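Here is the structure we will look at, set down as structure tokens.
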Amino acid sequence: MYLNGSAPLFTPTRRRTVGVVIAAVLLLVGSLLLAYPDRADAAADPLISHGKPATASSSEASGLGPQNAFDGDPATRWASAEGEDPQWIRVDLGVTANVTRVELSWEAAYAKAYRIEISADGTTWTRLANETAGNGGTDDWSALSGKGRYLRVYGSARGTAYGYSLHEVEVYGILDGAPPQTGAFTVVAAGDIAAQCTASDSDCAHPKTAALAQKLNPKFYLTMGDSQYDDARIADFRAYYDKTWGAFKDKTHPVPGNHETYDPAGSYVGYKTYFGMIAYPQGKSYYSFDEGNWHFIALDSNSFDQSAQIDWLKADLARNSKACIAAYWHHPLYSSGGHGNDPVSRPVWKILYGAKADLVLNGHDHHYERFAPQSPDGKATADGITEIVGGMGGAEPYPIENVQPNSQKRISGEYGVLKMDFTDSGYSWSYVGTDGKTKDTSPKYACH
């Protein structure tokens, strides 16, 4: 269908009922906006606006600035000055991009009429989509086709007496010069897993988390230490862990926790005997591997004070050619649980932060927690590392004791696993309970 015989008519997918058809105009303006055929896989294009520089026509207050609409946090928002039309918010994608989708998450102060526009220089704008009967909620504009460096949402009529307010503006597409997409993959992760109990005990949790993990059928599994309690003896690994999580041992990439050092036969003896080369693929208790456009680094936080591992980490990062970096180990730098913050990890965080790493996974405290991206010194920043504590694999839960700055979500007492979804340029995850229900969903993050 065409509007005025000149451009295709698009309708955004809505999560709230829309009573009026919504039109969008696509125009060809030289090299600014190019026509592309419909793409069946456009919805799979990566998020390209997270953390990018943003400006706006106005902000209601200093804490409601335009950067909030691109930080991936649904609890923050941009709000314009009240009672004024028009108002706009703009993002600089950094380089020219082919934009295929834009999702807008409105706060109560929404736009009744607005345009989504794209520009090569931030001065001359071409319309990608046009809304004339907005009702707030979430507008998901898919099957777009525009080329430019800057994208803005231009509000021309408020839906309320207030201003315009957006929790998130998510722009999807392909940045010029970006590597081709090779496909997404899923990972299941957990720490602190096998207590000395079996499925015959109704209170035993690790058979339930193992069944959930296997049902999710990921590309591979990550375990963040303390796989076997209490002293990680080989007899206990065989009697407990092997009966549950051992079902997919050959797809597991483990790291040791402090309980792996307690073995009376010697530190790591049971751990190394059970996992063998799976845990020591490069001859050490730390190693790295690649999947897609991701570089995964498995570290041994029991020996962060030893120069050999630190030197290896620096050399490994120097050799890395992947755009996205995730690291995992046992002891978290930041935690709101009983063990609390562990500064032993700070030097490693500094090295990873300098290498523009994206994600860190930990265990040790027996709860689930996610943090906003932050620096090694605990300052919230868009280019920071996202940390997840995922110690709910089966060991007795710990309570939340001292909520840390930048902690966004905490769950204690509900066993489960992390379902991590990776693409070539970003990631997100869900915390799934043993009842199969999603307990928390993260923002969508783009790789640094």
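Miscellaneous remarks
- Around Gly337: net Lys/Arg minus Asp/Glu count, Cβ-Cβ under 9 Å: -2
- Dipole check for region 301-448: with +1 at the C-beta of Lys and Arg, -1 at the C-beta of Asp and Glu, and the Cα centre as origin, the magnitude is about 380 Debye.
- Dipole of the chain, positive end: most advanced residue of Pro74, Thr126, Ala213 [Cβ charges, Cα centre]: Thr126
- What you get for region 199-252, charging only the Cβ of Lys and Arg (+1) and of Asp and Glu (-1), is a dipole of about 380 debye around the Cα centre.
- Restricting region 338-416 to trypsin sites (Lys or Arg not before Pro) that sit in a DSSP loop and have at most 11 other Cβ atoms within 10 Å of their own Cβ leaves Lys379.
- Each peptide in 249-261, 190-202 receives the mean, over its residues, of other Cβ atoms within 10 Å, and ordering these scores from highest gives 249-261, 190-202.
- Net charge contributed by nearby residues that have their C-beta within less than 13 Å of Thr132 (K/R +1, D/E -1): +1
- D_trans [Stokes-Einstein, Kirkwood Rh over alpha-carbon pairs] for region 256-311, 37 °C, 0.692 mPa s, µm² s⁻¹: 267
- Solvent-accessible area per residue in region 240-337 equals 37 Å², computed with a 1.4 angstrom probe and all protein chains kept.
- All alpha carbon pair distances within region 300-448 were sorted into 5 Å bins beginning at 0; the resulting P(r) in whole percents reads 2, 10, 19, 23, 21, 15, 8, 2, 0.
- For region 274-366, the percent of C-alpha pairs falling in each 10 Å distance bin, counted from 0 to the bin holding the largest distance, reads 15, 50, 31, 4.
- The H on the amide N of Thr100, modeled in the peptide plane, is under 5 Å from the matching H of Tyr172, Gly173, Ile174, each at least 5 residues off or on a different chain.
- Mean Cβ count within 10 Å, highest first, over the residues of peptides 226-232, 303-309, 143-149: 226-232, 143-149, 303-309
- Largest first, the three principal axis extents of the alpha carbons in region 228-340 are 41, 31, 28 Å in whole numbers.
- Under the convention that each Lys and Arg Cβ holds +1 and each Asp and Glu Cβ holds -1, the size of the dipole of the chain around its Cα centre is about 1000 debye.
- Relative contact order, whole percent, for the chain stands at 14, derived from Cα pairs under 8 Å and 6 or more residues apart.
- Intensity falloff of the chain expressed as log10 I(q)/I(0), Debye formula with alpha-carbon point scatterers, at q = 0.07 Å⁻¹: -0.40
The values are calculated or read from the model by the stated rules, or taken from the named source; none is laboratory data. None of the values given here were measured: they were computed from a predicted structure. Please note: Cβ atoms are built from the backbone with ideal geometry, for glycine as well, and neighbour counts cover all protein chains shown. The area values use the complete protein model at the heavy-atom level, side chains included, leaving out ligands, DNA and RNA. Shrake-Rupley method; radii C 1.70, N 1.55, O 1.52, S 1.80 Å.
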